[in-house]
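The values are calculated or read from the model by the stated rules, or taken from the named source; none is laboratory data. Keep in mind that this is a model prediction, so the values were computed, not measured. Every residue, glycine as well, gets a Cβ built from its backbone with ideal geometry; the counts of neighbours run over all protein chains shown.
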Amino acid sequence: MVGEITHPRIPPCRIAGVDIAENQPARRRFILGAAALLIAVGSLAGCSASAESAPVAPSIATSAPAGPVINLSSLMFNPSMTTVKVGESVTWRNDEPITHTVTSGRFMGIDKTTGLRSSQQPDGMFNAQLDGKGKTFSFTFTKPGTYTYYCDIHQGMNATIKVVADNTSGEGEQK
């Protein structure tokens, strides 16, 4: 038979009226199409997220920020403690090629040796994902208090913002 495929240990498969060699291009197209579909579905699945945990969209600053800038570099927030006045905006800037988050909430169990936290609890005030170098996120604090935040990806990135009233009193602090 023309185009018959043989193997030394497997007997040939013969179906009346079917030439296996003729069907190879169709089979190849089917396999490539199925693979492309799986890749597309996998890509779309990675893009979905629930509305509750959706990070705030970061921006790239087009002008100099008005308030303090906190740099994300060397797997740290720098500075790790910042004081601002009520109504002042803070801008976080990712100076690394890797993704970080700026997530408001409590962090607990900081190991004194490594600086790594054992757990965290977001409070929903802000949650921004900064996908690489140059990405920024800004937030305006409207109430006095002490606000903690962390990078949800890197357990060693933990920091604090202290917001004071215009008269710079520390009253009304929140923890």
Looking only at segment 132-151, how many residues end up being at pLDDT below 95 and within 10 Å of T101 (Cβ to Cβ)? 0
If you check T99 against the conditions, is it of a type outside the set (G, A, S), assigned by TED's automatic domain parsing to the domain that holds I153, in contact (Cβ under 8 Å) with a residue 12 or more places away in the chain and out of contact with any strand residue (DSSP E or B) (no Cβ under 7 Å at 6 or more places or on another chain)? no
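The rows are residues; the columns are (1) exposed (fewer than 12 other Cβ atoms within 10 Å of the Cβ); (2) free of Cβ contacts under 8 Å to residues at least 40 places away in the same chain.
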{"residue": "N94", "(1), (2)": "no, no"}
{"residue": "S104", "(1), (2)": "no, no"}
{"residue": "G124", "(1), (2)": "yes, yes"}
{"residue": "D131", "(1), (2)": "no, no"}
{"residue": "T136", "(1), (2)": "no, no"}
{"residue": "F139", "(1), (2)": "no, no"}
{"residue": "G145", "(1), (2)": "no, yes"}
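Can you say whether I98 is surrounded by fewer than 20 Cβ atoms within 10 Å (Cβ to Cβ), at pLDDT below 95 and among the aliphatic types (A, V, I, L, M), as far as the supplied structure shows?
On the way: surrounded by fewer than 20 Cβ atoms within 10 Å (Cβ to Cβ): yes; at pLDDT below 95: no; among the aliphatic types (A, V, I, L, M): yes.
Here the answer is no, as I98 does not meet what is asked.
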With respect to the numbered conditions (1) assigned by TED's automatic domain parsing to the domain that holds H154; (2) at pLDDT below 95, which one is the sole condition not fulfilled by M81? (2)
